Structures are given as structure tokens and as C-alpha cells.
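Rule-based calculations on the coordinates, nothing more; no lab input. Nothing here was measured: the structure is a model prediction, and the numbers come from that model. Using ideal geometry, Cβ is built from the backbone for each residue, glycine included, and neighbour counts are taken over all protein chains shown.
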Amino acid sequence: MAKMSPTKELAVPTDDPDPLGREPSEEPPSSRTALAKVLTVKEHLRRKREYSGLIPLSEKSLRFLYDHYPQATPEDWSNWQWQLQNSICTADKLQNFLRLSYPEILAMSQSRAGLPLRITPYYASLLDREDPDQPMRRCVVPVSSEFMTCPGESPDPLGEDHQSPVPGLVHRYPDRVLFLTTGFCSTYCRYCTRSRMVGNTTKFRVSVKQWDQAIAYIERTPSVRDVLLSGGDPLTLMDSQLDYLLTRIKAIPHVEMVRIGTKVPAVLPQRITSKLLKTLKKHQPLWISIHFTHPDELTPETSAACNQLADAGVPLGSQTVLLKGINDDVATLTSLFQGLLKIRVRPYYLYQCDPIMGSGHFRTPVQCGIDMIQGLRGHTSGYAVPHYVVDAPGGGGKIPLLPEYFQGVQHGQIILKNFEGRLFRYPDAQA
Ligand code: SF4
């Protein structure tokens, strides 16, 4: 197939894939909101009844909207651009929603070039105002422990920068590549593996020119059959930008499969619009891996977003990072994984937290991950049990870890331990 000329056959998106075209820490004024009158509860409720968007507005969201954005309407709240424009990016703004603890204030008072603060109003509505230890709050609000470095931590523990043949593309496994589409996310997770680059638009500014270089690399590398679009969060790109990327990549004859890694359905479910669904449908087959952390993320909004994606024919999997004090117990993970199946998301990976700088307060011992799998396997549906993997430092790739079900071989028989700890002999076949 002839190489497609983007300038002739596709509308080339703006050169800057940052959906807001600005630094993540900027706070644009919402002129529409500033001029609007304050709405009464009655008016909010009336407008909510009339609202007919794809993603519902839960009672929790409505209460938060009324309490914190009295000038905005349910339609504003349900507009993903409004969510981005009104995201919380400063400590001053955050303390309108949360009573900040000392470690949180300390972290935000230190100026350093690191992972910025950014939380969508929707995700902020799920945070506990009083409890700094609430799992979801710990995921997105910085604390002073981020400034403490433990042995073995590094800014790029997976060695991605060394396995990058062109900027914005990581080629680690023989047949697949990781395509870093943007450095922007609607909400930044404090334990992010790519915290060295996400939100850092000075050092890691992604451009369409960079996309084209990555696409050219895939075009001249026939061993690549699988492309994972990640970042940053690809679903924060505009529809036209996603369409451009997907069209260019899908036009490469040896690319058999495209996946998108995103946290959008959990932090910005309003992004799942009919126009986005149309774009995704146009580029089937397409797989989406959604980053989920805790069962409290499974709200009516997120449930609707996942169901809409599934209805559009997109197979959905989940990725979860195992985090100390957040989801490192079997009951929490069982609730998360069973809840995901109910909204048509198949739990896919449970990741050991990567040793990025300042991640000591998030990381669990590896044995904890093995214990989690032991507590899940056999105790819930197999579909609710993800693969527990450690991404090997230095670029060794994902290594799956399992409890010791295989106990050895005796007299030609395999000794196996089941989920209850009972031993069984399996008569092995002759080689
Ligand atoms: S959504 Fe993904 S890429 Fe963005 S901050 Fe969270 S973990 Fe990092």
C-alpha cells in the first residue's frame, strides 16, 4: 500500500496535541461560567431532568456541582472540555474542596519541576473532604513523601528512554510498540510510571511532527504488528487528532492491532461522546485498556462510559497498579474486579508499582501481589483474576508472577496445590 500523505488525504490536526493548547498548570477563565447567573437547586434539578447526554449525572455529581460551581449547568458539567477547563491545578483551588493535611500542604508548597497537580472536577467530587488517607485522594493529591527517594528508585525505571528508536516511541518487544501520543492527562496519578514526562510540556512537548516520525518508524519496521497508543492519555486528544493517528496507523499493512491505554472513563467519563464513539467505531478493531484503581471509581458515570464503549464494539480490559494502603487487600480487589466485569471490563493486568522517584509510600512487597492472586484465584470467577506482573527494571518487560501452584514432579506425576492449599497428583503425559 502506498504511503499516505497526511497533508493531502487527512485534515492534519493542530501541531500541538495538548487538547487545551497550553501548559497544564494554566487555569483558563471560563468566561461562560463567569457571566452565568447562580442557579438554584430547583433550576439545577430541572435542567438535570432535561439533560439527555450519553453520560448520566449522578446525585453525587449534581450535589458537588451545586455546592462548588453554582454558576455552571448540568450541561456544562457533562461537557468534557468544561471539565478540562475547570480542572484543579493549584493548592489554592484544591483547598476549596478538601481540608488539606500538613503533608499535602508541604508537598504543594515546594516548587519543583515534577508531576503537576491536575484533577477533573468530576474526580474531585469523588474525593473525601476530610480524610487524607482516602484511597482515591491519595492517588491524585501530592504528599511530602513524594520528595523522599528510596534505594533502587529512578526517573525511568523501565528504561523506556533507552529503548526509544525515535522520540515518542518505545520498541521493547519484537512485535509491538508503545506510541506516546501526548504528555497530557486530565488527572495526574501520583505513582505514574511516566511521571518524568507527563505534564512536563517544556521537556516533553509532543507534536504532530513527532507523531509522523513515530509513524514512519512503524512503516519501515515490518515486525511491528501491534501498536499501543498511550502517553499521557490518548483519549484527551481531540477527535480529529485521534482520527488522524488511527487512520495513519491503520493504513500500515503490517499493523494488525491497535490498542489505546487510558484512564479517561474513570476520571473524565464525560469524554465518551457520540462523536468519539463514531471515531472509534470507524477504526475497528480497536482494544482499550482502562486504568482503574479502586472500586469507588465505579460510579454511574463510569459505568455508562464503559457500557457505551462496549456497545460501540470495543473490547475493554483493565490495568490496575497495586498500591499500599489503597487497594492492597483481597476484599478491595475482589470488589474492583467483580465490579469491572459488571460494566463489561475484563480485569487484565495487576501491576507491581514501578520504582519511580518518591514512590516508596505507594509500593508493596512483591509477595503482597502474589498473595492477592492467591486470594482471588479459585475464590471468584476466573474472568475476575488479572495477571500479576512486575515490569522488570531496565527494560526487561513484564514478568508474570503466580503463587506456587506447581509443587514439583514425583514418580512421573505432577504435584499441584489448589486454591485451598490441598495437594493433588496429576498423571503427566509422556513426552
Ligand atoms: S493516567 Fe496514566 S499516564 Fe496519566 S498520570 Fe495516570 S498513570 Fe500516568
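Taking a cut-off of 29 Å between Cα atoms, list the lysines near K398, but don't count ones fewer than 8 places away on the same chain.
Output for K398: K203, K250, K263, K324, K342, K417.
Between rounded, prolate and oblate, where does the stretch 299-422 land on the alpha carbon gyration tensor, with a ≥ b ≥ c its root eigenvalues, rounded for a/c under 1.5, else prolate if a/b exceeds b/c?
It comes out oblate by the Cα gyration axes.
Give the residue from S144, N327, V170 lying farthest towards the positive end of the charge dipole for the chain; charges sit on Cβ (+1 for Lys and Arg, -1 for Asp and Glu) and the dipole is referred to the Cα centre.
V170
If you take the Cα atoms of the stretch 321-394, find Rg, then find the Kirkwood Rh from the mean of 1/r over all pairs, what is Rg/Rh?
For the stretch 321-394, the value is 0.98.
Kindly identify the stretch 31-146 as rounded, prolate or oblate by the Cα gyration tensor criterion: order the square roots of the eigenvalues as a ≥ b ≥ c, call it rounded if a/c is under 1.5, otherwise compare a/b with b/c, prolate if a/b is larger, else oblate.
prolate
Would you mind computing, in nm to one decimal, how far apart the modelled labels at T90 and M238 are, each placed 7 Å from Cα along Cα→Cβ?
A separation of 2.7 nm, rounded to one decimal place.
Taking the Cα centre of the stretch 56-161 as origin, sum charge times position over the Cβ atoms of Lys and Arg (+1) and Asp and Glu (-1), and report the length of that vector in debye to the nearest 20.
Result for the stretch 56-161 is approximately 300 debye, rounded to the nearest 20.
Mind giving me the nanometre distance, one decimal, between the label points for R99 and Q81, set 7 Å out from Cα along Cα→Cβ?
3.9
Among M197, M357, rank each residue by its count of other Cβ atoms within 10 Å, from fewest to most, as a rough exposure measure.
M357, M197
In a GNM of the chain with a 10 Å cut-off on Cα contacts, which of S240, S359, S87 has the highest mean-square fluctuation?
S240
Can you give the charge dipole size of the chain about its Cα centre, rounded to the nearest 20 debye, using +1 on the beta carbon of Lys and Arg and -1 on the beta carbon of Asp and Glu?
Value, rounded to 20: 820 debye.
Ignoring everything except DSSP H segments at least 4 long, calculate the 222 nm mean residue ellipticity for the chain; use -39,500 (n - 2.57) per segment, divide by total residues, nearest 500.
Result for the chain: -8500 deg cm²/dmol, rounded to the nearest 500.
Could you please rank K37, K398, placing first whichever residue has the fewest other Cβ atoms within 10 Å of its Cβ?
Taking fewest neighbouring Cβ atoms as first place, the list is K37, K398.
Work out, step by step, the length gained on full extension between H68 and H162: first 0.36 nm times the residue separation, then minus their alpha carbon distance; give nm to one decimal.
Length gained, H68 through H162: 29.3 nm.
Give me the net charge of D67's neighbourhood, meaning all other residues with Cβ under 12 Å from the Cβ of D67; Lys, Arg count +1, Asp, Glu -1.
Its environment carries a net charge of +3.
With the dipole of the stretch 210-362 worked out from charges on the C-beta (+1 for Lys and Arg, -1 for Asp and Glu) around the Cα centre, which of Y244, Y349, L228 lies farthest toward the positive end?
Y244
Could you calculate the contour length gain from D131 to A392, that is, 0.36 nm times the residue separation minus the distance between their Cα atoms, to one decimal place in nm?
Between D131 and A392, full extension yields 90.5 nm more.
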